[in-house]
Amino acid sequence: MLRGLFGEPERKDRGDLRRASRAIAAYRSDLEKCIDPLSPQCGRYTRFDVWARGFLTGLDELEESAFAARLCRSSVYHAYEEAMSREESIAYRRHIYFYKNGIIRVFSLLDKLGYFMNELFRLQTERVKPRFSYFTVLRQMGQRQAEPDLYATLSELKERYQPPLARLREKRNMEIHLVNVEMLDNLIRSDLCRGGRTYIEDLDANLQDLDQGRAMVCKSLAAVYTYAHERGKR
């Protein structure tokens with residue numbers, strides 16, 4: 001998608017992204033055998049297929065946003081904005097745009113995964129909290145001792161990626177609810193903003209966190225959809 005705008009070749013999926021996409025595709029194949037327009041379960045299975053297609057689209061958007069953010073970052077050389085040329089400043093702003101879009105995709109996919117799991121496993125999380133997140137659903141799974149093998153896998157992923165996800169969540173919350181990422185960074189590092197210089201954030205550290213968040217999303221989706229596929233065979 002975005003690669004074409006930058007004159008880059010089409011992406012070839014590999015690693016965690018490929019595993020997640022294949023797990024979703026396998027589950028969709030299962031659904032095709034279940035969807036009968038005359039069945040009272042047709043609506044439920046159709047919703048599951050819509051979710052699956054939405055996850056594939058969301059993964060593509062996340063992957064492309066992370067790629068574009070990293071590509072634009074490669075054209076940023078200075079540590080503060082006043083030293084940047086017009087072209088470098090444009091690259092920096094583009095980097096920030098795609099980086100922020102990547103953060104939003106991470107948590108959008110996780111929350112959609114939570115709603116899918118809540119429906120698939122009939123967890124009734126809405127009785128505990130009407131508007132819930134993926135992490136609320138995960139707690140509900142533990143409290144109800146539902147699907148213990150999957151719960152153990154997802155909990156391990158949550159703990160493993162907790163530090164970068166916490167940093168990404170803080171930036172997501174500031175971006176949506178208070179101030180944008182650039183302003184947050186300037187506030188935190190205000191002691192460095194002296195002599196008319198506006199120092200920018202650590203772009204490489206930001207990208208590393210985004211890559212970790214992307215990995216957590218892919219691994220979690222692969223785990224859930226692989227489990228759902230195997231569960232359907234029983």
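The values are calculated or read from the model by the stated rules, or taken from the named source; none is laboratory data. Predicted, not measured: the structure shown is a model, and the values here were computed from it. Methodologically, a virtual Cβ is constructed for each residue, glycine included, from the backbone with ideal geometry; neighbour enumeration extends over all protein chains shown.
Each row is one residue, and each column tells you yes or no for (1) of a type in the set (Gly, Ala, Ser); (2) in contact with a Ser or Thr (Cβ under 9 Å, 6 or more places away or on another chain).
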position	(1), (2)
106	no, no
112	no, no
118	no, yes
131	no, no
135	no, no
146	yes, no
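None of 19, 14, 86 is at pLDDT 95 or above and loosely packed, with under 14 Cβ neighbours inside 10 Å except 86. Which one is farthest from residue 149 (Cα to Cα) among residues in segment 219-232 that are hydrophobic (A, V, I, L, M, F, W, C) and surrounded by fewer than 23 Cβ atoms within 10 Å (Cβ to Cβ)? Taking the candidates together, the pick is 222.
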